[in-house]
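First up is the structure itself, then whatever we jot down about it.
FYI, it's all coordinate maths here, none of it is from the lab. All values derive from a computational prediction rather than experimental measurement. All Cβ positions, glycine included, derive from the backbone under ideal geometry; neighbour counts span all protein chains shown.
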Amino acid sequence: MRKRGEPEVFRITGARQGLADDVRGRQRRYVISMSVRTLSVIAAAVLWNVERHVAIVALALGVLLPYIAVVIANAGRESAPSLPSAYLPAPVRPALGAAEDGAESGAERP
């Protein structure tokens, strides 16, 4: 338990990622996904008369990737339950009176 006047001590490992960093990361993942989609649609158009099976797979990827990218980008901030608590309790210090009592009782014994 914390005594009056002692500041609370927090662990930095328990802190969540900043909101701006979280948004920036989600935007980056979305842009990468949309870039892959664009490349797959272009590959489907180029390969349509050359390799039809590869073009169909690329076209399917181009159709499905926007949905997946939006779901990933809109995923909210998750709290990580595996991280330790953000509050670090103050260390418990032994009372001085208990240490002195033990020393005196040890001196009285023969």
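Each residue of region 43-54 is assigned a 3J(HN,Hα), and the resulting list reads 5, 5, 5, 6, 8, 4, 8, 9, 9, 5, 5, 5 Hz, derived from the Karplus form 6.51 cos²θ - 1.76 cosθ + 1.60 (θ = phi - 60°), x at Gly and Pro. Were the residues from Asn74 through Ile32 laid out at 0.36 nm apart, the gain over their Cα-Cα distance would be 13.7 nm.
If r is the Cβ-Cβ distance from Asp22 to Val63 and R0 is 30 Å, what FRET efficiency results, to the nearest 0.05? About 0.60, to the nearest 0.05.
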